[in-house]
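The values are calculated or read from the model by the stated rules, or taken from the named source; none is laboratory data. Computed from a predicted model, the values in this text were never measured in an experiment. We place every Cβ from the backbone using ideal geometry, glycine too, and count neighbours over all the protein chains shown. Please note that ligands, DNA and RNA were not included when accessible areas were found on the heavy atoms of the full protein model with its side chains. Shrake-Rupley method; radii C 1.70, N 1.55, O 1.52, S 1.80 Å.
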Amino acid sequence: MAAAEHYFYVLHCRDGSYYGGYTTELKRRLAEHNAGIGAKYTHPQSRRPLRMIHAEVFPTRSEATKAEAAFKKLPRAAKDRYLRDHRLHNVAESATADD
């Protein structure tokens, strides 16, 4: 059995805010958020539709959730810099591309 990949991801909400989260399946998690399942933050219609704009893969759940927690503590300007500076790690397209 292959080891699961652990992702820290960032969603861009319709209201302009960011939501950071953790998952092992990017496509499934994005669909859940857009269906109003899961995080309370993404439930309001004013925040949907959500677009995945960033994802990083980590070897362990611990590392991915630490990255998520650190991102959530940043002020907005620092989040914008983080996303700009980490574009090389961006795998979000794989979560939104059609198979």
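The figures follow:
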| item | result |
| --- | --- |
| Sole exception among (1) at pLDDT 95 or above; (2) open to solvent by 60 Å² or more (accessible area, probe 1.4 Å) for Phe71, by number | (2) |
| Subset of region 31-42 [of a type outside the set (A, V, I, L, M, F, W, C) and either assigned to a loop (DSSP other than H, G, I, E, B) or out of contact with any strand residue (DSSP E or B) (no Cβ under 6 Å at 6 or more places or on another chain) (or both)] | Glu32, His33, Asn34, Gly36, Gly38, Lys40 |
| Residue match in region 12-19 (condition: assigned to a helix (DSSP H, G or I) and free of Cβ contacts under 8 Å to residues at least 12 places away in the same chain) | no |
| Verdict on Tyr19 being at pLDDT 95 or above, under 26 Å from Arg84 (Cβ atoms) and not β-branched (Val, Ile, Thr) | yes |
| Residues of region 43-60 classified as within 14 Å of Tyr9 (Cα to Cα) and assigned to a helix (DSSP H, G or I), total | 0 |
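Matching residues to (1) under 20 Å from Ala77 (Cα atoms); (2) open to solvent by 70 Å² or more (accessible area, probe 1.4 Å):
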residue: Glu5; (1), (2): no, yes
residue: Leu11; (1), (2): yes, no
residue: Arg14; (1), (2): yes, yes
residue: Thr23; (1), (2): no, no
residue: Leu30; (1), (2): no, no
residue: Ile37; (1), (2): no, yes
residue: His43; (1), (2): no, yes
residue: Ala55; (1), (2): yes, no
residue: Arg61; (1), (2): no, yes
